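Notes follow the structure.
The values are calculated or read from the model by the stated rules, or taken from the named source; none is laboratory data. If you're wondering where the values come from, they're calculated on a predicted model, not measured in any experiment. Every residue, glycine as well, gets a Cβ built from its backbone with ideal geometry; the counts of neighbours run over all protein chains shown.
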Amino acid sequence: MQLYRLIYYSQPFGYDQPMLNGILVDARNYNPTNNITGALICREDIFLQLLEGPKEKILLTYSKILSDDRHLNVKLLVETACESRIFPDWDMKDDPAKSWFWNREQIKSGILETISEKEVINIFEKIAQSH
Ligand SMILES: Cc1cc2nc3c(=O)[nH]c(=O)nc-3n(C[C@H](O)[C@H](O)[C@H](O)COP(=O)(O)O)c2cc1C
């Protein structure tokens, strides 16, 4: 099996707690069967998601996510084979986007358009270490 990592960000559409719960229910329902793990950083102005698992399952799930109407403007940041998982024990961890990443003004002005692969992977590694 080739282990694959994919990270994207998007703009939530109609964000509230029930909507977020619905996404997490979907993720925690499908991901175990697909051997996918990961984390979703979420706030009303940003989704940033890491998915790890078998390449073909990751690509299939990402194609569903792309056409999901609960968010807009999905932008791929990282797509690569990898050696190990950052979140081996999480079907999909949710993490409220904390202001120490970026504040709303930074998100609005497009800070994620210039983030490097290394920086974004670092963020997920920090979250994994803090739990
Ligand atoms: C931000 C976001 C993250 C999502 N994460 C996952 C996920 O990790 N795994 C998953 O199977 N579906 C995820 N979904 C839901 C999919 O888009 C889709 O609704 C779900 O896989 C069911 O698709 P189906 O009914 O076509 O089988 C996510 C959706 C959004 C908007």
query = Which residues, counting only those in the range 89-105, are surrounded by 14 or more Cβ atoms within 10 Å (Cβ to Cβ) and either at pLDDT 95 or above or under 16 Å from THR37 (Cβ atoms) (or both)?
reply = TRP90, ASP91, MET92, LYS93, ASP94, ASP95
query = Condition test on THR33, is it surrounded by fewer than 13 Cβ atoms within 10 Å (Cβ to Cβ) and part of a helix (DSSP H, G or I)?
reply = yes
key: Selection within the range 41-56 - farther than 19 Å from PHE124 by Cα and within 9 Å of the ligand (Cβ to nearest atom)   = none
request  = Filter the range 1-40 for residues that are within 21 Å of GLU125 (Cβ to Cβ), within 10 Å of the ligand (Cβ to nearest atom) and among the β-branched types (Val, Ile, Thr) and give the result.
outcome  = ILE36, THR37
query = So which residues in the range 89-119 are within 16 Å of the ligand (Cβ to nearest atom) and in a loop (DSSP other than H, G, I, E, B)?
reply = ASP89, TRP90, ASP91, MET92, ALA97
inquiry  = With the requirement that a residue be within 10 Å of the ligand (Cβ to nearest atom) and under 16 Å from VAL120 (Cβ atoms), what does the range 63-78 give you?
reply    = VAL74
note = Scanning the range 46-78 for residues that are of a type in the set (D, E, K, R) and buried (at least 16 other Cβ atoms within 10 Å of the Cβ) gives GLU52, LYS57, ARG70
query = ILE86 is checked against (1) surrounded by 19 or more Cβ atoms within 10 Å (Cβ to Cβ); (2) within 10 Å of the ligand (Cβ to nearest atom) and fails just one. What number does that condition carry?
reply = (2)
inquiry  = ILE127 - would you say it is in a strand (DSSP E or B) and either near the ligand (Cβ under 9 Å from one of its atoms) or hydrophobic (A, V, I, L, M, F, W, C) (or both)?
reply    = no
